[in-house]
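What follows draws every value from the coordinates through simple rules; no lab data is involved. Since the structure is predicted, the reported quantities are computational estimates derived from the model, not experimental observations. Glycine also receives a Cβ, built like all others from the backbone with ideal geometry; neighbour counts cover every protein chain displayed.
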Amino acid sequence: MKKLNGILAKNKIKDLRCGQEVLYTGMIYTARDQAHKRFSEMLRKGKKLPVDIKEQIIYYCGPNPAAKGKVIGSCGPTTSSRMDELTPVLLKNGLRAMIGKGERSKEVVAAIKQYKAVYFTTYAGCGALLSGRVKKKKTVCFKDLGAEAVFALEVEDFPLIVAIDACGGNIYDK
Amino acid sequence: MRKISAKLISETVDKLVIKANMSLRPDVLKALKTALSQEKTNAARNALSAIIKNASIAKKEKLAICQDTGIPIIFVEIGNRVVVGGNISDIINVAIAKSYSKAYLRASIQADPVFRSKKPSYTPGIVHTDIVAGDKMRITILPKGFGSENKARVKMLNPTASIKQIEDFIVDSVRIAGANACPPYIIGVGIGGTQDLAGLLAKKALLRSIAKGNRDKKIALLEKGILEKINALKIGPFGLGGKNTALAVNIQTYPTHIAGLPIAVNISCHALRSASEIL
Ligand code: SF4
């Protein structure tokens, strides 16, 4: 299986094709509904985001708290389509990759192609399994949102499936 | 009259919260294993293997099967000869909050649905109570994740609707859910009653074991036929294509008015979690 590490610059992801399985080791940021809403409001007002999203990966995930001695609780993906409206602006601002589950809107597919990004899916509904691939967790911002805060996760061999590639290839196209 | 103490109810709720969230229902696990034996493609096989492995990791390491530990829905059947030592909804909600926090489960409830201004909490859950005959109490918990809850649909069909119209509404609901709600699905269907009751029946239908069909043979046949049509959609495990888009269709019916035919579909993801106990 293909392995990817560290920052996913354009040249690292340009050859990925939909359907391909990848194991990723590196840093990902969680962000879901409310964090996306805040990001887009900040960008609209011309403010700087509390996280530099350039060349980064956003994981649509609201993890469970960590039990004693553990890094994180169950931490699988949430439904990506809820983030669709708020996604193109992040891609325009340099976001390179997203991880979630399920289909994306036409607008998001177009933006992925335009900005040469990639949308991965992962094992949906398998948060217990995925928690074992997270080695470190740090709260970055929006602590008031509870599980919806932005966390930086250091992951090792995190299983990904390329769902929409930089050429617009889409695994969900029937 | 038999008195059931708040303490016993709380302890039972705690047990059920843990069981439902961490041990996948045996009927669902069995259906997933059967599904795995039927799939040929790598994508579908890998997806089902991951789901089965996830269930065993969750159980062994005491982790939630899914990070969406749901909106806790609690069904309580109270015997008419039972006296409860306190307010049943309060007892249950306090017990849920304690249990979720102790087990490191996620707080997913937004107290302010319109302005979304509150930090998410564990409760309130949704408590449904029914009075039944006898001196026992049955408590059932269904932590319902919202990826699949968001795909629920209700429609008021005409009383003259054909069986095909009923089937189409159910199959279309699954088509709309597509890959988004963690397939393979279990499809709960409520037919009859009123608009609100149909929704509740669809949810209650998810509590029935998927190992066997409806007790009414004609409805069981309908369930089977609809399942075949759903699987012909080929959405497959994780939505990556395959033979298993749904593992089962469970229909629950109730008499309705001569002027209508309410129908509701409540989709569950593969992580269908529920647990029940009789006190
Ligand atoms: S749809 Fe079900 S399995 Fe998927 S994330 Fe939600 S609760 Fe978990």
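Given 25 °C and 0.890 mPa s, how large is the Stokes-Einstein diffusion coefficient of segment A:29-84 in µm²/s, with Rh as the Kirkwood radius over Cα pairs? Mind showing how you got there, number by number?
Numbers: Rh = 12.8 Å.
Value of D from the Cα-based Kirkwood radius: 192 µm²/s.
Can you list the residues of segment A:27-62 with backbone N under 14 Å from a point 7 Å past the Cα of A:K136, pointing along Cα to Cβ?
A:27-29
So how do A:D52, A:D33 line up by other beta-carbon neighbours within 10 Å, fewest first?
Working: A:D52 11, A:D33 17.
Lowest to highest Cβ neighbour count: A:D52, A:D33.
Taking beta carbons within 10 Å but only from partner chains, what does the mean come to for residues B:171-181?
That average works out to 3.
Separation between the B:S117 and B:K15 pseudo-spin-labels, each 7 Å from Cα along Cα→Cβ, expressed in nm?
Distance between label points: 4.2 nm.
Which whole-number value in Å³ per residue fits the convex hull of the alpha carbons of chain B?
Hull volume over Cα atoms, normalised by residue count, gives 137 Å³.
Step through the residues of segment A:127-137 one at a time and calculate ³J(HN,Hα) from phi using the Karplus curve (6.51 cos²θ - 1.76 cosθ + 1.60, θ = phi - 60°), rounding each to whole Hz and writing x for Gly and Pro.
Karplus values, whole Hz, x for Gly and Pro: x, 5, 4, 5, 4, x, 9, 9, 9, 8, 9.
Determine, at each q value in 0.20, 0.24 (inverse angstroms), the log₁₀ of I(q)/I(0) that the Debye formula gives when each Cα of segment A:1-49 is one equal point scatterer.
Here log10 of I(q) over I(0) equals -0.83, -0.89.
With each pseudo-label sitting 7 Å past Cα toward Cβ, what's the B:K164-A:D157 distance in nm, one decimal?
Using points 7 Å along Cα→Cβ, the separation is 5.3 nm.
If neighbour count is taken as other Cβ atoms inside 10 Å, put B:M156, A:M98 in order from fewest to most. Working shown, then result.
Values: B:M156 13, A:M98 28.
By the 10 Å Cβ count, ascending, the order reads B:M156, A:M98.
Kirkwood Rh, segment B:60-109, all Cα pairs: how many Å?
Values: mean 1/r = 0.0777 Å⁻¹.
After inverting the mean inverse Cα-Cα distance, the result is 12.9 Å.
Can you give the three extents of the C-alpha atoms in segment B:127-279 along their principal axes, from longest to shortest, in whole Å?
Extents along the principal axes, in whole Å: 49, 36, 28.
What do you get when you divide the Cα radius of gyration of segment A:24-169 by 2.2 N^0.38 Å, with N the number of residues?
Values: Rg = 14.3 Å, N = 146, 2.2 N^0.38 = 14.6 Å.
Cα Rg divided by the expected 2.2 N^0.38 Å: 0.98.
Report Rg (one decimal) and Dmax (nearest whole number) for segment B:74-158, counting Cα atoms only, units Å.
Spelled out, the Cα radius of gyration and Dmax of segment B:74-158 are 16.0, 49 Å.
State, as an integer percentage, the relative contact order of chain A based on alpha-carbon contacts under 8 Å between residues 6 or more apart.
Numbers: 414 pairs, mean separation 53.6, N = 174.
Computed over chain A, the figure is 31 percent.
Quick check on the exposure proxy: order B:T129, A:T87, A:T139, B:T160 from fewest to most C-beta atoms within 10 angstrom.
Taking fewest neighbouring Cβ atoms as first place, the list is B:T160, A:T139, B:T129, A:T87.
Compute the length gained on full extension between B:K102 and B:E61: take 0.36 nm times their separation in residues and subtract their Cα-Cα distance, giving the result in nm to one decimal. Don't skip to the end; give the middle numbers.
Numbers: separation 41, 0.36 × 41 = 14.76 nm, distance 1.48 nm.
Length gained between B:K102 and B:E61: 13.3 nm.
Work from the charge dipole of the protein assembly as shown (Cβ charges, +1 for Lys and Arg, -1 for Asp and Glu, about the Cα centre) and give the residue of B:I88, B:S101, B:G147 farthest towards its positive end.
B:S101
Can you find, among A:L49, A:T79, A:M27, the residue farthest towards the positive end of the dipole of segment A:1-80? Put +1 on the C-beta of Lys and Arg, -1 on that of Asp and Glu.
A:L49
If you wrap a convex hull around the alpha carbons of segment B:1-110, what volume per residue comes out, as a whole number of Å³? Numbers along the way, then the final one.
On the way: hull volume 13.6 nm³, N = 110.
That works out to 124 Å³ per residue.
Is it possible to state the helix-based mean residue ellipticity at 222 nm for the protein assembly as shown, with each DSSP H run of 4+ residues giving -39500 (n - 2.57), the sum divided by total residues, to the nearest 500 deg cm²/dmol? What is it? Write down the numbers at each step before the final one.
Numbers: 13 runs with 145 residues, N = 453.
Helix-only estimate at 222 nm: -9500 deg cm²/dmol.
In 20 Å bins starting at 0, how do the alpha-carbon pair distances of the protein assembly as shown split up by percent?
P(r) for the protein assembly as shown, in whole percents per bin: 25, 56, 18, 1.
Principal axis extents for segment B:117-192, Cα atoms only, whole Å, descending order, please.
Projected onto the principal axes, the Cα atoms of segment B:117-192 cover 42, 40, 27 Å.
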